[in-house]
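As structure tokens, the structure follows; a few thoughts come after it.
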Amino acid sequence: MSSPDSVPSLARALSDSNPRVRTLSAVALRSIGPKAAAAVPALVNALNDPAPFVRAPAADALGLIGDKAAVTALTQHLLNHDEQTYVLRSMAAALGNIGPAAASALPALEQALKMPRVIYTAQEAILKIKNQPVPRW
């Protein structure tokens, strides 16, 4: 498990030339959770990474950090229909993990309900944002 003291270094590593380093940095920030809030701007930038295996853990980290500053970027990326399915699921799940502070993402999540491979994650996110019970799938 990573230490909150490592957040600045991990945030810088999200810009490394090696995609494996960027991926592992996002995963480490995800494991730190809310104490990695200082890395939110770098994680938002990582949503534009050319590698989908960097974008997905960056979204996961943003969701676990729970900062509403990430909602706009996550919402915009959720509407990218050319995105990999697993990345879209990470975007939707992150919005759900942010909870009611992500209410502005509800229209995008409702659009995501039309994506067959994202529907369950989008539905769960909607329920979390509306502070409603989430059924066990």
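Annotations
- If you go through the stretch 116-137 and pick out every residue that is over 12 Å from GLY96 (Cα atoms) and surrounded by 20 or more Cβ atoms within 10 Å (Cβ to Cβ), you end up with 1.
- Residue, modelled with the lowest pLDDT, within the stretch 1-31, restricted to residues that are more than 25 Å from GLN84 (Cβ to Cβ) and part of a helix (DSSP H, G or I): PRO4
- The residue list PRO133, PRO107 contains one member that is modelled with pLDDT of 95 or more and not aliphatic (A, V, I, L, M), which is PRO107.
- Residue check for SER90: of a type outside the set (Lys, Arg), at negative phi, part of a helix (DSSP H, G or I) and surrounded by fewer than 20 Cβ atoms within 10 Å (Cβ to Cβ): no
- Any hit, the stretch 69-77, residues being at pLDDT 95 or above, touching a Gly at 6+ places or on another chain (Cβ under 9 Å) and not in a helix (DSSP H, G or I): no
- Of all residues in the stretch 32-50, those satisfying the criterion of being exposed (fewer than 15 other Cβ atoms within 10 Å of the Cβ) and part of a loop (DSSP other than H, G, I, E, B) are ASN48, PRO50.
- Filtered by the rule that a residue be over 20 Å from PRO34 (Cβ atoms) and outside any loop (DSSP other than H, G, I, E, B), the stretch 109-137 gives LEU109, GLU110, GLN111, ALA112, ILE119, TYR120, THR121, ALA122, GLN123, GLU124, ILE126, LEU127.
- Screening the candidates LEU64, LEU106 for the property of being under 27 Å from ARG22 (Cα atoms) and assigned to a helix (DSSP H, G or I) yields one hit, LEU64.
- Residues in the stretch 19-37 include none that are touching a residue at least 40 places away in the same chain (Cβ under 8 Å) and either more than 23 Å from ALA103 (Cα to Cα) or among the aliphatic types (A, V, I, L, M) (or both).
- Some residue of the stretch 2-12 being buried (at least 19 other Cβ atoms within 10 Å of the Cβ), closer than 28 Å to GLN132 by Cβ and touching a residue at least 24 places away in the same chain (Cβ under 8 Å): no
The values are calculated or read from the model by the stated rules, or taken from the named source; none is laboratory data. If you're wondering where the values come from, they're calculated on a predicted model, not measured in any experiment. Positions of Cβ are generated from backbone atoms using ideal geometry, with glycine treated the same way; all protein chains shown enter the neighbour counts.
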